[in-house]
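Notes follow once the structure below has been shown.
The values are calculated or read from the model by the stated rules, or taken from the named source; none is laboratory data. Note that the structure is predicted; figures quoted are calculated from it, not measured. In this analysis, Cβ positions are derived from the backbone assuming ideal geometry, glycine residues included, and neighbour counts consider all displayed protein chains. The area values use the complete protein model at the heavy-atom level, side chains included, leaving out ligands, DNA and RNA. Shrake-Rupley method; radii C 1.70, N 1.55, O 1.52, S 1.80 Å.
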Amino acid sequence: MAEARPRTLFDKIWDHHVVETLPDGTALLYIDRHLVHEVTSPQAFEGLRAAGRPVRRPDATVAVVDHNIATDATRRTGITDPESRLQVETLERNVVEFGVPYIPLLDARQGIVHVIGPELGLSLPGMTIVCGDSHTSTHGALGALAFGIGTSEVEHVLATQTLLQKPAKNMRVTVDGTLPLGCTAKDIVLAIIGKIGTAGGTGHVIEFAGEAIRALDMAGRMTICNMSIEAGARAGMVAPDETTFEYVRGKPHAPQGEALERAVAWWRSLPSDPGAVFDKEVTLRAEEILPMVSWGTSPEDVLPITGTVPDPSSFADEARQAQVKRMLDYMGLQAGQKLTDLKVDVVFIGSCTNSRIEDMRIAADIARGRKVADGVRAMVVPGSGLVKQQAEAEGLDQVFKEAGFEWREAGCSMCLGMNPDKLTPGQRCASTSNRNFEGRQGPGGRTHLLSPAMAAAAALAGHLADVREWQPR
Amino acid sequence: MKPFTTLTGIAAPLPKANVDTDQIIPARFLKTIQRTGLGRHLFANFRFREDGSENPDFVLNQEPYRKAEILVAFENFGCGSSREHAPWALLDFGIRCVIAPDFADIFHNNSFKNGILPVKLPREVCEKLMEDARMGGNARLSVDLERQVVVRPNGEEIPFEVDAFRRHCLLNGLDDIGQTLEHKDSIDSYETRQRASQPWLFA
């Protein structure tokens with residue numbers, strides 16, 4: 001018998017989920033977990049209703065509200081914005097009509113869909129996981145194949161529990177070595193996007209590998225996989241290992257006892273085989289990474305915090321020069337300015353990229369015993385009700401409040417400018433979120449992407465700051 | 001879904017790379033439970049000034065591009081969020097074809113599901129088509145999906161590649177779900193196997 005071709009982590013999960021391959025090579029891919037939220041689902045349920053189709057597997061589906069809800073006390077008295085209310089009420093009607101499990105706004109388990117999936121054990125290694133949201137790539141940190149889909153595909157999964165997909169290409173990003181002081185997973189992923197660009201992963205699934213990735217906890221791995229979409233990738237993944245199994249153990253929806261042992265045995269078979277071929281390989285040295293910050297309006301426009309705003313004329317081609325000039329205009333920046341001289345109006349610690357308990361701890365360690373600079377609005381938005389509870393049990397809320405940060409309720413908040421938490425035109429924000437597009441955090445808002453540690457330092461300093469000068473006391 | 005066969009119309013030039021979905025339709029307009037009516041918010045941050053008035057500098061506010069049915073842009077069109085509101089807004093405005101050197105994956109997928117044809121052509125070809133588009137009503141482009149060619153105003157035909165399955169669906173206006181449900185037996189037997197071998201997925 002011919003020896004089996006060595007396969008990647010992606011190949012193995014893909015192969016396992018192919019229900020049928022159509023004559024032209026399109027696969028009918030089975031979906032194990034479907035996460036649903038209020039913004040990208042109404043038209044999908046409407047489509048089912050119009051065609052008289054049921055949800056094939058309500059037990060594999062979970063709905064939650066996160067995008068358009070308020071993160072202050074007003075959520076307890078009802079949603080004031082009529083359009084947001086209609087969207088939430090529509091979801092609530094749909095989950096009842098179609099029998100889909102739902103986590104309501106005032107439930108302690110409510111939170112950002114990409115935080116609660118792993119946290120509740122709804123997302124597991126080896127699964128195919130989809131959601132009508134591009135940051136579904138987050139769940140790949142568990143060693144799952146997880147990717148964002150549009151509303152038509154949401155409807156397709158609801159009706160059939162499958163998707164029509166062409167296989168992606170394999171890409172591996174290896175980060176060897178040990179991260180230096182002040183650097184975290186966020187700095188790794190910003191450095192990767194800076195290196196390969198926002199289309200560097202297009203058509204590929206990225207497996208993140210190497211010593212520096214293995215050394216990360218699950219929250220760090222989620223941060224990295226979360227932003228693989230900013231590198232253009234279809235999905236990001238990290239091979240499941242002991243860190244993964246330890247994380248999954250005891251989660252409410254994770255298998256227990258003998259079922260868990262069986263599952264772990266399968267999960268252990270998933271890492272890429274030695275000799276597996278990747279279509280594209282990129283390598284970084286962790287030692288060379290510095291605390292990163294974005295300066296432009298695309299996530300590839302990043303520099304170490306020690307850098308200065310680039311000069312448009314320093315770029316090679318004319319199109320790029322014009323683009324950089326436009327970015328600097330939008331961002332209110334001048335070539336040559338030191339990044340650490342940029343005063344911030346708002347600091348946002350939260351989003352599906354960086355709102356887990358580990359992120360809260362890192363930011364709190366830096367904020368402890370210090371004060372937010374005058375004139376800065378600093379907000380901390382935990383990713384879920386459970387993260388909030390845990391942080392409060394550890395006294396982190398007190399640390400933040402004493403330092404002058406707002407301590408808020410769980411949700412997407414200021415990541416995307418579709419709920420009350422928005423920038424006003426011209427405001428400069430140090431943000432732990434994932435996109436610095438024009439207007440992303442509110443029309444005219446200016447976003448600098450960075451890690452929770454760097455965001456906390458910026459809040460205290462009143463300007464973008466090098467976190468290495470703001471180490472915990 | 002409306003079939004796409006041949007489209008002849010005005011092409012609007014948008015000479016930008018990395019046109020993201022937050023540009024195509026900002027998040028504040030996603031609070032809708034319908035697919036239609038989003039055309040008025042297409043490129044809202046470029047089309048309208050802070051006071052709500054039209055920005056005359058933006059291409060879609062200029063004649064004849066208010067009636068554009070084709071958009072020509074540069075690299076990585078549609079990057080960012082998975083929001084299908086982006087193709088819905090394009091479609092509702094009247095755009096049924098976007099031509100660019102490449103597209104972000106999810107946007108590319110979402111377009112086909114809504115009867116919009118994304119055409120990938122090399123940068124230098126897109127630059128030529130950009131010049132054609134700048135001539136407005138004097139230079140209509142024609143996109144023929146059956147023959148897989150873009151016809152320039154000077155008659156030059158530029159062939160393009162498109163996935164055969166997607167082409168078939170688009171030409172015939174086919175609904176994916178109906179087709180997939182024809183494979184119901186395969187899905188059923190996959191589920192039965194999985195239920196036995198990985199019961200934790202069926203808790």
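Within the range A:385-394, identify whether any single residue is on the phi > 0 side of the Ramachandran plot and either modelled with pLDDT of 95 or more or open to solvent by 10 Å² or more (accessible area, probe 1.4 Å) (or both), and answer yes or no. I'd like the intermediate steps shown before the answer.
At the first step, the residues of the range A:385-394 found to be on the phi > 0 side of the Ramachandran plot are none.
The answer is no; no qualifying residue exists.
So for the range A:171-179 (the condition being basic (Lys, Arg) and out of contact with any strand residue (DSSP E or B) (no Cβ under 7 Å at 6 or more places or on another chain)), does at least one residue qualify? It would help to see each step written out before you state the result.
In the first step, residues of the range A:171-179 are kept if they are basic (Lys, Arg); the result is A:172.
From the residues that got through so far, the ones that are out of contact with any strand residue (DSSP E or B) (no Cβ under 7 Å at 6 or more places or on another chain) too are none.
No, there is no match, as no residue in the range A:171-179 is basic (Lys, Arg) and out of contact with any strand residue (DSSP E or B) (no Cβ under 7 Å at 6 or more places or on another chain).
Of the conditions (1) over 30 Å from A:Gly78 (Cα atoms); (2) away from chain B (no Cβ under 12 Å); (3) in contact (Cβ under 8 Å) with a residue 24 or more places away in the chain, A:Glu469 clears all except one; give me its number.
Of everything listed in (1) over 30 Å from A:Gly78 (Cα atoms); (2) away from chain B (no Cβ under 12 Å); (3) in contact (Cβ under 8 Å) with a residue 24 or more places away in the chain, A:Glu469 misses just condition (3).
Could you check the range B:1-42 and list, in sequence order, the residues that are of a type in the set (Phe, Trp, Tyr) and farther than 30 Å from B:His168 by Cα? Show your work before the answer.
Within the range B:1-42, the subset of a type in the set (Phe, Trp, Tyr) is B:4, B:29.
B:Phe29 - this is the single residue of the range B:1-42 that is of a type in the set (Phe, Trp, Tyr) and farther than 30 Å from B:His168 by Cα.
Conditions: (1) within 12 Å of chain A (Cβ to nearest Cβ); (2) crowded, with 23+ Cβ neighbours inside 10 Å; (3) farther than 30 Å from A:Pro23 by Cα; (4) not polar (S, T, N, Q). B:Ala104 meets all but one. Number of the miss?
Here B:Ala104 meets the rest and fails (3).
Quick one: would you say A:Gly182 is assigned to a helix (DSSP H, G or I), open to solvent by 10 Å² or more (accessible area, probe 1.4 Å), touching a residue at least 24 places away in the same chain (Cβ under 8 Å) and over 25 Å from A:Ala276 (Cβ atoms)? Quick ask: steps written out before the conclusion?
On the way: assigned to a helix (DSSP H, G or I): no; open to solvent by 10 Å² or more (accessible area, probe 1.4 Å): yes; touching a residue at least 24 places away in the same chain (Cβ under 8 Å): yes; over 25 Å from A:Ala276 (Cβ atoms): yes.
No; evaluated as a whole, the condition is false for this residue.
Within the range A:415-424, identify whether any single residue is closer than 22 Å to A:Leu120 by Cα and either buried (at least 17 other Cβ atoms within 10 Å of the Cβ) or not acidic (Asp, Glu) (or both), and answer yes or no.
Step one: filter the range A:415-424 for residues closer than 22 Å to A:Leu120 by Cα, giving none.
Within the range A:415-424 (the criterion being closer than 22 Å to A:Leu120 by Cα and either buried (at least 17 other Cβ atoms within 10 Å of the Cβ) or not acidic (Asp, Glu) (or both)), the answer is no, since none of the residues qualifies.
Determine, yes or no, whether B:Val150 is under 20 Å from B:Met1 (Cα atoms) and β-branched (Val, Ile, Thr). Reasoning before the result, please.
On the way: under 20 Å from B:Met1 (Cα atoms): no; β-branched (Val, Ile, Thr): yes.
When the stated conditions are applied, B:Val150 does not pass them.
In the range A:162-179, how many are touching a Gly at 6+ places or on another chain (Cβ under 7 Å), part of a loop (DSSP other than H, G, I, E, B) and among the aliphatic types (A, V, I, L, M)?
Filtering the range A:162-179 for residues touching a Gly at 6+ places or on another chain (Cβ under 7 Å) gives A:166, A:168-169, A:171, A:174-176.
Right, trim to part of a loop (DSSP other than H, G, I, E, B) and you get A:166, A:168.
Still in the running and among the aliphatic types (A, V, I, L, M): A:168.
Adding up the residues that qualify gives 1.
State whether the residues of the range A:434-455 include one that is in a helix (DSSP H, G or I), touching a strand residue (DSSP E or B) at 6+ places or on another chain (Cβ under 9 Å) and not aliphatic (A, V, I, L, M). Let's see the steps before the verdict.
Step one: list which residues in the range A:434-455 are in a helix (DSSP H, G or I), which gives A:452-455.
Imposing the further condition that a residue be touching a strand residue (DSSP E or B) at 6+ places or on another chain (Cβ under 9 Å) reduces the set to A:452, A:454-455.
Filter once more, so that each one left must be not aliphatic (A, V, I, L, M): A:452.
Yes, the range A:434-455 contains a residue that is in a helix (DSSP H, G or I), touching a strand residue (DSSP E or B) at 6+ places or on another chain (Cβ under 9 Å) and not aliphatic (A, V, I, L, M).
With the structure loaded, tell me whether A:Val372 is under 18 Å from A:Arg468 (Cα atoms), in contact (Cβ under 8 Å) with a residue 60 or more places away in the chain and buried (at least 21 other Cβ atoms within 10 Å of the Cβ) or whether it fails that test.
Values: under 18 Å from A:Arg468 (Cα atoms): yes; in contact (Cβ under 8 Å) with a residue 60 or more places away in the chain: yes; buried (at least 21 other Cβ atoms within 10 Å of the Cβ): yes.
Yes: the conditions hold for A:Val372.
Could you tell me whether A:Glu409 is part of a loop (DSSP other than H, G, I, E, B) and either under 20 Å from A:Leu105 (Cα atoms) or touching a helix residue (DSSP H, G or I) at 6+ places or on another chain (Cβ under 8 Å) (or both)?
Details: part of a loop (DSSP other than H, G, I, E, B): yes; either under 20 Å from A:Leu105 (Cα atoms) or touching a helix residue (DSSP H, G or I) at 6+ places or on another chain (Cβ under 8 Å) (or both): yes.
Yes.
Any residue that is within 14 Å of another protein chain (Cβ to nearest Cβ), within 26 Å of B:Ser197 (Cβ to Cβ) and out of contact with any strand residue (DSSP E or B) (no Cβ under 6 Å at 6 or more places or on another chain) - is there at least one of those in the range A:270-282? Let's see the steps before the verdict.
Start the filter on the range A:270-282 by keeping residues that are within 14 Å of another protein chain (Cβ to nearest Cβ), which leaves A:270.
Subsequent filtering for residues that are within 26 Å of B:Ser197 (Cβ to Cβ) retains A:270.
Going one step further and asking which of them are out of contact with any strand residue (DSSP E or B) (no Cβ under 6 Å at 6 or more places or on another chain), we end up with A:270.
Yes; the residues of the range A:270-282 include at least one that is within 14 Å of another protein chain (Cβ to nearest Cβ), within 26 Å of B:Ser197 (Cβ to Cβ) and out of contact with any strand residue (DSSP E or B) (no Cβ under 6 Å at 6 or more places or on another chain).
Report those strands (runs of 3 or more DSSP E) wholly inside the range B:132-201 carrying at least 3 residues which are of a type in the set (A, V, I, L, M) and either open to solvent by less than 30 Å² (accessible area, probe 1.4 Å) or more than 8 Å from chain A (Cβ to nearest Cβ) (or both).
Details: elements: B:141-144, B:149-151, B:157-159.
Output list reads B:149-151.
Do any helices (runs of 4 or more DSSP H) entirely within the range B:42-122 hold 2 or more residues that are touching a residue at least 24 places away in the same chain (Cβ under 8 Å), and if so, which? I'd like the intermediate steps shown before the answer.
Values: elements: B:44-47, B:85-93, B:105-113.
Hits in the range B:42-122: B:85-93, B:105-113.
Among the candidates A:Gly200, A:Gly232, which residue alone is open to solvent by less than 20 Å² (accessible area, probe 1.4 Å), on the phi > 0 side of the Ramachandran plot, under 20 Å from the mean Cα position of the chain (by Cα) and at pLDDT 95 or above? It would help to see each step written out before you state the result.
On the way: A:Gly200 fails: on the phi > 0 side of the Ramachandran plot.
Going through A:Gly200, A:Gly232 in turn, the sole match is A:Gly232.
Go through the range A:243-264 and report how many residues are open to solvent by less than 60 Å² (accessible area, probe 1.4 Å) and either polar (S, T, N, Q) or within 11 Å of chain B (Cβ to nearest Cβ) (or both).
Residues flagged as open to solvent by less than 60 Å² (accessible area, probe 1.4 Å) and either polar (S, T, N, Q) or within 11 Å of chain B (Cβ to nearest Cβ) (or both) within the range A:243-264 amount to 10.
Taking the condition of being part of a loop (DSSP other than H, G, I, E, B), open to solvent by 70 Å² or more (accessible area, probe 1.4 Å) and not polar (S, T, N, Q), how many residues in the range B:1-41 meet it? Write out each step before concluding.
Step one: list which residues in the range B:1-41 are part of a loop (DSSP other than H, G, I, E, B), which gives B:1-5, B:10, B:15-19, B:25-26, B:30-38.
From what's left, open to solvent by 70 Å² or more (accessible area, probe 1.4 Å): B:1-2, B:34-36.
Pick out the ones that are also not polar (S, T, N, Q) and you get B:1-2, B:35.
Of the residues in the range B:1-41, 3 are part of a loop (DSSP other than H, G, I, E, B), open to solvent by 70 Å² or more (accessible area, probe 1.4 Å) and not polar (S, T, N, Q).
Quick one: count up the residues across the range A:436-455 that are more than 9 Å from every other protein chain (Cβ to nearest Cβ) and open to solvent by 10 Å² or more (accessible area, probe 1.4 Å). Write out each step before concluding.
Start the filter on the range A:436-455 by keeping residues that are more than 9 Å from every other protein chain (Cβ to nearest Cβ), which leaves A:436, A:441, A:445-455.
Okay, now just the ones that are also open to solvent by 10 Å² or more (accessible area, probe 1.4 Å), so A:446.
Qualifying residue count, the range A:436-455: 1.
Can you tell me which residues in the range A:33-54 are in a loop (DSSP other than H, G, I, E, B) and more than 20 Å from the chain's Cα centre (by Cα)? Break it down into steps so the answer makes sense when it comes.
Restricting attention to the range A:33-54, the residues satisfying the condition of being in a loop (DSSP other than H, G, I, E, B) are A:37-41, A:52-54.
A:Gly52, A:Arg53, A:Pro54 - these are the residues of the range A:33-54 that are in a loop (DSSP other than H, G, I, E, B) and more than 20 Å from the chain's Cα centre (by Cα).
Only one of these is open to solvent by 20 Å² or more (accessible area, probe 1.4 Å) and without any contact (Cβ under 8 Å) to a residue 60 or more places away in the chain: A:Arg214, A:Arg172. Name it. Steps first, please.
Numbers: A:Arg172 fails: without any contact (Cβ under 8 Å) to a residue 60 or more places away in the chain.
When all the criteria are applied, what remains is A:Arg214.
Condition check ((1) within 23 Å of A:Asp187 (Cβ to Cβ); (2) over 24 Å from the mean Cα position of the chain (by Cα); (3) open to solvent by 80 Å² or more (accessible area, probe 1.4 Å); (4) among the small types (Gly, Ala, Ser)) across all residues:
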{"position": "A:Ala276", "(1), (2), (3), (4)": "no, yes, no, yes"}
{"position": "A:Phe315", "(1), (2), (3), (4)": "no, yes, no, no"}
{"position": "A:Gln321", "(1), (2), (3), (4)": "no, yes, no, no"}
{"position": "A:Met331", "(1), (2), (3), (4)": "yes, no, no, no"}
{"position": "A:Gln334", "(1), (2), (3), (4)": "no, yes, yes, no"}
{"position": "A:Lys343", "(1), (2), (3), (4)": "yes, yes, yes, no"}
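Would you be able to tell me the number of residues in the range A:456-473 that are acidic (Asp, Glu) and open to solvent by 30 Å² or more (accessible area, probe 1.4 Å)? Walk me through how you get there before you give the answer.
Let us first name the residues in the range A:456-473 that are acidic (Asp, Glu), namely A:466, A:469.
Pick out the ones that are also open to solvent by 30 Å² or more (accessible area, probe 1.4 Å) and you get A:469.
Selection size over the range A:456-473: 1.
With the requirement that a residue be more than 13 Å from A:Glu438 (Cβ to Cβ), within 11 Å of chain A (Cβ to nearest Cβ) and either open to solvent by less than 20 Å² (accessible area, probe 1.4 Å) or of a type outside the set (Asp, Glu) (or both), what does the range B:42-65 give you?
We begin by selecting, within the range B:42-65, every residue more than 13 Å from A:Glu438 (Cβ to Cβ); these are B:42, B:47-65.
Restricting the remaining residues to those that are within 11 Å of chain A (Cβ to nearest Cβ) gives B:48-50.
Matches in the range B:42-65: B:Phe48, B:Arg49.
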